[in-house]
Amino acid sequence: MEPEHAPEFSDRQARATILAAESLGFEREPDLYPAHYNHDLHEDAQYAAEYLRKRDPARLEAALASDESILAQCAAWRITETGRFTLADADIVLRAATARGFQRPPSDLPLLAHAIHWDQARAAVAYFWEQDPEQLEALIGETARLAPLPDTARSTEHGCRGHVDSCRCGR
Ligand SMILES: [Zn+2]
């Protein structure tokens, strides 16, 4: 099978592989928008894996087995603020999460109904990111795909409000 039709790694593994290679000096193309890095996640991961195989194969093995590098809170903000995530996506994710027992977080803010709905959808995305990322991709496709961003990535209008220090998303 052609590698581009069948990603060798899961998204989590692709992210970890890129980060491990970058810690040894591997570089992706600089100065692109976040969406570009997200789209190229698996292609970049193949180059990163090749880079690691040549220099430190044990590091590749460790990366493939490592935990998710982007924390759920941050991932949920990035996914829902891309502009690709639509109201239809919000409905799909919320319905699917609720069917699995996800509790919609109560809102004590005087928000408009649609803002509350969006907040709840963001929480549902975070839920799937943590519990079942494959299912999230099945629900909303490539919109669920995130790359860790290099320092050189262009910034976008919407800051990620879910980012914390232990998250390795690059922002
Ligand atoms: Zn983050």
Notebook entry, point to check: Could we say that Ala97 is within 16 Å of the ligand (Cβ to nearest atom), of a type in the set (A, V, I, L, M) and modelled with pLDDT of 95 or more here?
Noted result: no
Next item on the list: Answer with yes or no whether Gln120 is at pLDDT 95 or above and in a helix (DSSP H, G or I).
Entry: no
Notebook entry, point to check: In this structure, does Pro57 turn out to be loosely packed, with under 15 Cβ neighbours inside 10 Å and in contact with a helix residue (DSSP H, G or I) (Cβ under 6 Å, 6 or more places away or on another chain)?
Noted result: no
Next item on the list: Would you check if Ala121 is of a type in the set (Gly, Ala, Ser), touching a Leu at 6+ places or on another chain (Cβ under 9 Å), surrounded by 18 or more Cβ atoms within 10 Å (Cβ to Cβ) and outside the structural domain of His39 (by TED's automatic domain parsing)?
Entry: yes
Checklist line | Residues (farther than 12 Å from Gln13 by Cα, within 16 Å of the ligand (Cβ to nearest atom) and part of a helix (DSSP H, G or I)) located in segment 36-79 | finding: Tyr37, Asn38, Ala72, Gln73, Cys74, Ala75, Ala76, Trp77, Arg78, Ile79
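The values are calculated or read from the model by the stated rules, or taken from the named source; none is laboratory data. As the structure is a computational prediction, the values presented were derived from the model and not from experiment. For neighbour counting, all protein chains shown are included, and Cβ atoms are generated from backbone atoms with ideal geometry for every residue, glycine included.
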